[in-house]
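All remarks here apply to the structure that follows.
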Amino acid sequence: MHRMAVAFTFTALAFAAGAEAQAAGKASGYFRMDKLRTTFTHACAFRVLDPASPSGTTHVVLSSVPLDCDAADRTFDPVQAVKAAAEAKKPALVSLSFPAGGAVTRIENGSWESADPVDTFSFGGQGTITMQANTDTSTKGRYALEKPEAFFDKTFQFDLSWDAPVLSGSMSGTPVKGDGGEIGAGYRKYLAAVAKGDLDSVRANATGERAESVPDVKGREAERVVKLMQAFELKTVTVIGGVQRGDDAVLLVQGLDFDKMAMHGRVVMRRDAGAWKVVKVSLQPRL
């Protein structure tokens, strides 16, 4: 019986290792910012709920170090989760996003970051994208900028390739209905605090790094912080979808920001001490 248990354990470990290998993808190529050239060998791809795309949005992360794609896929913010898990290895990373399924002729949202030395850069719209696969289950492509482009007194250039299974765990869960129930109420309570300019209440209705990022300031400094915060938040909101798993959820929302611009996006929520609080807000113009 002991031998059977040992054999079962090794079989389970082998299965888990195989599953992790299947979840991870391959990458090649480089991103150069001035004299700093970073290369990539590993990739993850995640499909996430997105109000801008009925089939969701695919996010590809290219890395200079191995990534645990499967663990990140069990969260509602897999891109941030996979980056955070690799942080101790001081990786170079590139993130790209595009609509899941169909033709892709342009990459609008790209970012590059280096941990050693520390540097970051956002890009998109340059170069040529060639997609060999863009389905619900796989993505394979190349995104290249053949000639260097100027960025102030520096130049940048890239040639990025990837081949990865698309993981969609962050799209699964119990659908959020109507106005979002208790989850939606938690988000609206947070927005009310932002609109009022009550930083203590904003902090109390957020959790994790978002709560920690709200400074404890008063007077004119607080007014400046509130004005900056309002530039990235909604003033009016309608919950249009989302999913929940246990104490975590993601809301799809739309509304007007404080400049009366139509926006939509994703809000990651977490139940903390019995109350639903904001973890992360990602908004973009609603065209």
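Read-outs throughout are calculated quantities, based only on the coordinates presented, and are distinct from any laboratory measurement. Worth saying up front: this structure is predicted, and the values here are computed from it rather than measured. Note that we place each Cβ from the backbone using ideal geometry, even for glycine, and neighbour counts take in every protein chain shown.
Karplus-derived 3J(HN,Hα) values for segment 128-133, using 6.51 cos²θ - 1.76 cosθ + 1.60 with θ = phi - 60°, are 10, 9, 10, 9, 9, 8 Hz; glycine and proline are entered as x.
When the square roots of the Cα gyration tensor eigenvalues are ordered a ≥ b ≥ c, the ratio a/c for segment 21-171 is 1.5 or more and a/b does not exceed b/c, which makes its shape oblate. Along the axis of the charge dipole computed for the chain (Cβ charges of +1 for Lys and Arg, -1 for Asp and Glu, origin at the Cα centre), the listed residues Gly255, Gly56, Ala24 are led at the positive end by Gly255. Between the C-alpha center of segment 233-257 and that of segment 112-152 there is a gap of 29 Å. Straight-line cross-link partners of Lys83 among the lysines, defined as a Cα under 23 Å from its Cα and at least 8 positions apart when in the same chain: Lys26, Lys140, Lys277, Lys280. When the square roots of the Cα gyration tensor eigenvalues are ordered a ≥ b ≥ c, the ratio a/c for the chain is 1.5 or more and a/b does not exceed b/c, which makes its shape oblate. In this entry, segment 174-285 is assigned a mean projected area of 6.4 nm², taken as a quarter of its C-alpha convex hull surface. Backbone geometry of segment 254-265 corresponds, through the Karplus equation with coefficients 6.51, -1.76 and 1.60 at θ = phi - 60°, to 3J(HN,Hα) couplings of 8, x, 10, 8, 6, 9, 6, 8, 6, 10, 8, x Hz, x marking Gly and Pro. Between Phe258 and Glu233, Lys235, the built amide H atoms are under 5 Å apart, and every one of these is 5 or more places off in sequence or on another chain. Over segment 21-171, what is the relative contact order in whole percent, taking alpha-carbon pairs under 8 Å and six or more residues apart? That works out to 28 percent. In straight-distance terms, cross-link reach from Lys227 covers every one of the aspartates and glutamates whose alpha-carbon lies under 14 Å from its own, apart from those fewer than eight places away in the same chain; here that gives Asp198, Asp257, Asp259. Panel order for Cys44, Cys69, by other beta carbons found within 10 Å of each beta carbon, from fewest to most: Cys69, Cys44.
When trypsin sites (Lys or Arg not before Pro) are flagged only if DSSP places them in a loop and at most 10 other Cβ atoms lie within 10 Å, the longest unflagged stretch of the chain comes out as 36-217.
Note on Lys35: lysines with a C-alpha under 21 Å away, same-chain residues under 8 apart excluded, are Lys90, Lys147, Lys154. Our coupling estimate for segment 141-152, obtained by passing each phi through the Karplus curve with A = 6.51, B = -1.76, C = 1.60 and θ = phi - 60°, is x, 9, 10, 9, 10, 5, 10, x, 10, 7, 9, 6 Hz, Gly and Pro reported as x.
Exposed loop sites here are GluC sites (Glu not before Pro) assigned a DSSP state other than H, G, I, E or B and surrounded by at most 15 other beta carbons within 10 Å; excluding them, the longest clear run of the chain is 147-287.
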